[in-house]
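A.B. asks: Let me give you the structure first, and then I'll get to my questions.
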Amino acid sequence: EILGGRPAPSQTDPDVLRRQFLFFYKTPFHLNGCLINRDLQERVGFFDKNLKRSDDQDYILRMLDAVDEVTTVDETVYKYRKYRSSAQSRIQYRLTDLKYRPKMIAKHTSGLEKVFSVLVSGFFDVAKSIYQLRGEYYK
């Protein structure tokens, strides 16, 4: 197991963060590092039970669409662990991503943005699979 962390996002503009979630290989922050006030949670609702994967990204995108600004703190608020798993389970994980991420993207985009985002996320999921299978993820 390896302990990992992620710094606060360098951007606080919700539109910029939204694009990073849709088009970058790495999300700008994790949901478990967020403090969400009750009013925002009530406006956004709960997780989409129809998404078995990418439900956290869907939730974050709905939150970003509902706010005018994001506030960050420049300190570690959590640590996570990366566990080694079998090649078969890593491939299954990425195949599930390839199935559910386009559904999540379709909820938040349309037109060329939708097409481009689905293609980019699919490319990165395949690239991450190769990276993980080579063992680089755990170094």
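The values are calculated or read from the model by the stated rules, or taken from the named source; none is laboratory data. Keep in mind the model is a prediction, meaning the values are calculated, not measured. When we count neighbours, we look across all protein chains shown, and the Cβ atoms used for this are built from the backbone with ideal geometry, even at glycine. Calculation scope for accessible area: heavy atoms of the full protein, side chains included, ligands and nucleic acids excluded. Shrake-Rupley method; radii C 1.70, N 1.55, O 1.52, S 1.80 Å.
A.B. asks: Please give me, ordered by residue number, the chymotrypsin sites (Phe, Trp or Tyr not before Pro) of the stretch 34-81 that lie in loop per DSSP and have at most 11 other Cβ atoms within 10 Å.
C.D. replies: Hits after loop and neighbour filter: 46, 78.
A.B. asks: Which of 113, 69, 42 ends up with the largest GNM mean-square fluctuation for the chain, with Cα atoms connected below 10 Å?
C.D. replies: 42
A.B. asks: Cross-link partners among aspartates and glutamates for residue 79, C-alpha distance below 14 Å, same-chain residues fewer than 8 apart left out?
C.D. replies: In chain and number order, the partners are 1.
A.B. asks: Got a sec to turn the phi values of the stretch 66-79 into Karplus ³J(HN,Hα) couplings, 6.51 cos²θ - 1.76 cosθ + 1.60 with θ = phi - 60°, whole Hz, x for Gly and Pro?
C.D. replies: Result, ordered by residue: 9, 10, 9, 8, 10, 10, 10, 10, 9, 8, 5, 10, 6, 10 Hz.
A.B. asks: Let me ask something additional. Could you pull the Cα extents of the chain along its three principal axes, largest to smallest, in whole Å?
C.D. replies: If we take the Cα atoms of the chain, the spans are 42, 38, 27 Å.
A.B. asks: Please report how many Lys pairs in the stretch 87-139 have alpha carbons closer than 16 angstrom, counting only residues at least 8 apart along the chain or sitting on separate chains. Write out the running numbers ahead of the final one.
C.D. replies: Values: 99/107; 99/114; 99/128; 103/114; 128/139.
Number of lysine pairs found: 5.
A.B. asks: Taking the solvent-accessible surface of protein heavy atoms with a 1.4 Å probe, what is the per residue accessible area of the stretch 58-109 in Å²? Don't skip to the end; give the middle numbers.
C.D. replies: On the way: 3400 Å² over 52 residues.
Per residue, the stretch 58-109 has 65 Å² of solvent-accessible surface.
A.B. asks: Taking the Cα centre of the chain as origin and charging only Cβ (+1 Lys, Arg; -1 Asp, Glu), how large is the dipole, in debye to the nearest 20? Present the calculation step by step, with values, prior to reporting the outcome.
C.D. replies: Values: 24 positive and 18 negative charges, 188 e Å.
The dipole of the chain has a size of about 900 debye.
A.B. asks: Please sort by residue number the trypsin sites (Lys or Arg not before Pro) in the stretch 1-59 whose DSSP state is loop and whose Cβ has at most 14 other Cβ atoms within 10 Å.
C.D. replies: For trypsin sites (Lys or Arg not before Pro) across the stretch 1-59 that sit outside H, G, I, E and B with at most 14 neighbouring Cβ atoms in 10 Å, the list reads 26, 49, 52.
A.B. asks: Let me ask you something else. Per DSSP H run of at least 4 residues, take -39500 (n - 2.57); add these up for the chain, divide by its residues and hand me the 222 nm value, nearest 500 deg cm²/dmol.
C.D. replies: The helix-only estimate for the chain comes to -17500 deg cm²/dmol at 222 nm.
A.B. asks: For the chain, set up a Gaussian network in which alpha carbons nearer than 10 Å are linked by springs, and say which option among 67, 44, 126 fluctuates the most.
C.D. replies: Comparing 67, 44, 126 in the GNM, the peak value goes to 67.
A.B. asks: Tell me, what is the percent relative contact order of the chain, built from C-alpha pairs under 8 Å that lie six or more residues apart?
C.D. replies: 34 percent
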